[in-house]
Amino acid sequence: MYDQRAGDLRALRKLGAVYSEADGGRGTREEEERERIEIALLLEGLYRLYGFDFRNYAYPSVRRRIWHRIYAERLHSVSGLQERVLHDRSCAERLVDDLVIHVTEMYRDPSLFAAFRERVVPLLRELPSFRIWHAGCSTGEEVYSTAILLYEEGLYDRARIYATDINEEVLHVAERAAYPLKKMQEYTKNYMRAGGKDAFSGYYGATGEVAVFHPFLRERIVFAQHNLVTDRSFNEFHVIFCRNVMIYFDSILQNHAHDLFYESLCPQGILVLGHKESITFTKHAAHYETLDQQEKIFRKIK
């Protein structure tokens, strides 16, 4: 008599072995090639049917996250996931959530915000108004960090901040400006290290276990969905933040994003990247000067 529970356990062990392989193991060359084809077809279907383009994301990261979703859906193959994704939009949305990396916090890398105060704020003071783009803003913590910094420097009334992300769900979180209260102690430390000038607790109110940032911080922010892979430039900006997004792109997609940022920056505009990102090997390297090499702050010069 067939033991369903034992069969399920064997299937999960087999799947676990495949999932573990995604973190460094090696199958046969034929199996690897077959899996690459399956993943390419899955990503192509995700793009054609739903408009989410992950075809040029770094393959090892995409592969791990696809197998995570296969495991979560209790499936056994990439092709099985493809079938479900193509016929079940909710599954496609779950896969997109897995593929898009959301790692952020208030004043993440405090030294960057300290350098921004020192090197970029004086340049913004010379402008009657300016536009800032946070590309890949996730749940918005770094956007509000910038808003607070500009408010403390007396520049917030001159600013318009555009905060975009591929994922609508994280944008809804960002628009609410409500974050777990338990994180505020860590965020306060980041704020102080970034050169904060006031009491950080003065920028939010506590409701139960949630910290809600005051509405005035949202007045100069526009949240919108934007896909760095498929969408074009939508304005001219004086500052663009895109931190720790392109590390998940392959070289083709990185170059595409750099083209987009170069086209979107006004003359003398500022580009801020993540610590592991660079313009060094792009075709636009000669078009920028470095304002801070350690913090990856660059100014467009031609």
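The values are calculated or read from the model by the stated rules, or taken from the named source; none is laboratory data. Predicted model, so just to flag it, every value in this text is computed and none were measured. Neighbour counts run over all protein chains shown; Cβ positions are idealised from the backbone, glycine included. Only protein heavy atoms, including side chains, enter the accessible area calculation; ligands, DNA and RNA are left aside. Shrake-Rupley method; radii C 1.70, N 1.55, O 1.52, S 1.80 Å.
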Q: Run the quick spin-label model on Asp259 and Arg160: label points 7 Å from Cα toward the beta carbon, then report their separation in nm to one decimal.
A: 2.7
**Q.** Projected-area average for segment 216-302 over all orientations - Cα convex hull basis, square nanometres
**A.** 6.2
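For the chain, what does the helix formula give at 222 nm: sum of -39500 (n - 2.57) over DSSP H segments with n ≥ 4, over the residue count, nearest 500 deg cm²/dmol?
-13500 deg cm²/dmol
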Q: With the Cα gyration tensor of segment 129-268 in hand, convert its eigenvalues to equivalent ellipsoid semi-axes via √(5λ) and list them largest first in whole Å.
A: 27, 17, 14
Q) In the neighborhood of Asn56, defined by Cβ-to-Cβ distances under 13 Å, what is the net charge if each Lys or Arg adds +1 and each Asp or Glu adds -1? A) -2
Q: Using a 10 angstrom cutoff on alpha carbons, build the Gaussian network for the chain and name the most mobile of Leu149, Leu46, Leu75.
A: Leu75
Q | Calculated Rg and Dmax of segment 75-192 using C-alpha coordinates, Å | A | 18.3, 59
Q: Can you check what the net charge comes to around Glu186, using other residues whose Cβ is under 13 Å from the Cβ of Glu186 (Lys, Arg +1; Asp, Glu -1)?
A: +3
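Give me the Kirkwood hydrodynamic radius of the chain in Å, from all C-alpha pairs, to one decimal place?
21.2
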Q: With all protein chains present, calculate the accessible area of Thr28 using a 1.4 Å probe and round the result to the nearest 10 Å².
A: 70
Q) For the chain, what is the percent of antiparallel DSSP beta bridges, rounded to the nearest 5? A) 45
Q: Classify segment 37-97 as rounded, prolate or oblate from the Cα gyration tensor: take a ≥ b ≥ c as the square roots of its eigenvalues, call it rounded if a/c is under 1.5, otherwise prolate when a/b beats b/c and oblate if not.
A: rounded
Q | Nearest-0.05 FRET efficiency for Arg48 and Val222, computed from C-beta distance (R0 30 Å) | A | 0.55
**Q.** Set of segment 43-58 residues, backbone N closer than 19 Å to the point 7 Å along the Cα-Cβ line of Ser90
**A.** 50
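Any idea what the dipole of the chain comes to, in debye rounded to 20, about its Cα centre with Lys/Arg Cβ at +1 and Asp/Glu Cβ at -1?
The calculation lands at about 300 debye.
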**Q.** Degrees separating the helix 141-152 axis from the principal Cα axis of the chain, which is the longest one
**A.** 0
Q | Cα centroid of segment 158-172 to Cα centroid of segment 188-225, whole Å | A | 16
Q. Taking the Cβ-Cβ separation of Ser77 and Leu127 as r and a Förster radius of 35 Å, what is the calculated FRET efficiency to the nearest 0.05?
A. 0.05
